[in-house]
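Read through the structure below, which is laid out as structure tokens, and then see the notes.
The values are calculated or read from the model by the stated rules, or taken from the named source; none is laboratory data. Everything quoted here is computed from the prediction, not taken from an experiment. Glycine also receives a Cβ, built like all others from the backbone with ideal geometry; neighbour counts cover every protein chain displayed.
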């Protein structure tokens with residue numbers, strides 16, 4: 001059989017095969033638990049594996065593949081796994097078929113590591129399905145395409161471009177000369193951190209199921225929990241400390257961690273973005289404690305302020321209480337943290353610390369140039385000068401990012417959503433942060449948004465997770481392919 005020349009088809013097929021194994025593993029959890037859902041998970045796994053293998057086997061890498069095609073492959077693969085990820089919810093009856101869009105919302109929220117949910121009673125869902133729900137975020141954290149590049153060298157094209165657009169941020173570091181080795185090392189580090197998190201959570205008293213479920217969503221900075229009360233379910237200070245440490249670690253650059261493991265902790269000292277990242281978390285904690293002073297006991301104030309500064313500063317979205325009852329100024333601080341997010345090359349969402357650094361230094365530089373028009377003032381990050389093209393791209397990204405927030409917020413408000421809920425929902429979605437403010441807080445769910453509103457939020461989640469440009473180029477590559485096919489027909 002002649003293979004179709006279609007890089008996005010082949011990449012999407014490999015991604016579907018990968019997540020099918022997560023479904024098989026989750027069906028085993030369901031069987032062991034005895035709470036139902038095993039058959040639905042098995043059917044979903046076989047369907048996903050069959051379709052993925054067919055897509056992969058019937059396609060080949062296009063000889064004309066370029067960066068736009070590589071970017072489009074990322075976006076199309078994310079759409080494919082999101083559709084497949086809805087199957088376990090539907091096949092097990094956790095979400096009715098008539099509400100397919102709700103199942104798709106849960107899946108998109110999972111794979112984009114957003115953590116927003118439409119489930120009103122999470123604990124009523126079979127444990128096997130909830131385990132897969134956590135695994136979706138684990139797969140989405142480091143990126144399915146990074147996995148594909150690591151284990152499927154047959155892809156051969158656009159390897160570094162794929163990695164660059166799976167690991168969120170404006171840069172992607174090549175850890176080794178070979179792209180496949182880089183991907184394998186990233187996944188080795190990611191898997192090792194996951195195992196360490198599971199062990200640490202079990203040591204502080206969590207069951208193997210709870211430890212694995214929360215480790216998956218902590219290292220992915222995703223925020224899904226199999227409990228309605230999220231982390232508050234355990235009421236354990238030790239568990240919170242372990243999860244906080246995991247969120248801080250995984251909200252930082254994974255390439256930096258790899259260098260530090262191999263060359264020693266001095267590798268951390270040279271990176272100004274890391275200092276900004278930690279400084280933002282610590283500074284936000286002090287501000288939140290001050291703003292909440294008198295409303296909470298001192299111990300509870302410090303505990304909750306630190307937890308939410310980390311949880312929302314890394315776009316994880318775990319909860320220990322309802323922060324929508326905090327002072328309005330404190331909620332604005334949390335909203336700002338959602339917008340900024342974590343470091344480049346991490347599993348965190350948001351516009352990233354590095355872009356914030358560039359924006360601040362770019363703004364100061366323009367103020368100086370307004371006073372001294374002939375001055376040559378480079379944009380510096382520590383000892384490194386930032387190229388003008390990179391700075392312009394970062395500023396352009398921020399403008400586009402903020403424009404999408406405004407568009408999303410205005411559209412949701414136009415659909416009848418209360419303005420605070422609408423704009424915070426848009427911020428949370430594109431920042432992949434999870435909870436919002438107003439009616440979409442940590443103790444609520446996203447059914448407060450109308451059906452069309454949830455579709456808009458899904459698009460914002462995809463735009464945020466894939467750094468905007470791949471989603472746009474997905475449509476560009478598709479339009480270009482259609483144009484080529486029409487040209488051939490005319491000839």
Q | Complete set of residues in region 178-213 that are in contact with a helix residue (DSSP H, G or I) (Cβ under 6 Å, 6 or more places away or on another chain), without any contact (Cβ under 8 Å) to a residue 40 or more places away in the chain, farther than 19 Å from residue 26 by Cβ and in a helix (DSSP H, G or I) | A | 179, 180, 183, 184, 202
**Q.** Residue within region 379-398 that is at pLDDT 90 or above and under 26 Å from the mean Cα position of the chain (by Cα) present
**A.** yes
(Q) Between 466, 473, 412, which is at pLDDT 95 or above and more than 17 Å from residue 334 (Cβ to Cβ)? (A) 412
(Q) Condition check: in contact with a helix residue (DSSP H, G or I) (Cβ under 7 Å, 6 or more places away or on another chain), modelled with pLDDT of 95 or more and closer than 22 Å to residue 348 by Cα. Does residue 117 satisfy that? (A) yes
Q) In region 250-273, which residue that is over 22 Å from residue 181 (Cβ atoms) and surrounded by fewer than 18 Cβ atoms within 10 Å (Cβ to Cβ) is farthest from the chain's Cα centre (by Cα)? A) 266
Q.
Tell me whether region 59-74 contains one or more residues that are at pLDDT 85 or above and over 22 Å from residue 137 (Cβ atoms).
A. no
Q: Would you please list the contacts, defined by Cβ atoms under 6 Å and residues six or more apart or on different chains, that run from a residue in region 386-415 that is more than 27 Å from residue 454 (Cα to Cα) to a residue that is at pLDDT below 90 and assigned to a helix (DSSP H, G or I)?
A: 391/358; 391/362; 394/355; 394/358; 395/362
Q. Among the residues of region 286-305, is there at least one that is assigned to a helix (DSSP H, G or I), within 25 Å of residue 467 (Cβ to Cβ), without any contact (Cβ under 8 Å) to a residue 60 or more places away in the chain and touching a helix residue (DSSP H, G or I) at 6+ places or on another chain (Cβ under 8 Å)?
A. no
(Q) Between a residue in region 93-113 that is at positive phi and part of a helix (DSSP H, G or I) and any residue that is surrounded by fewer than 22 Cβ atoms within 10 Å (Cβ to Cβ) and modelled with pLDDT of 95 or more, which pairs come within a Cβ distance under 8 Å, given they are 6 or more apart or on different chains? (A) none
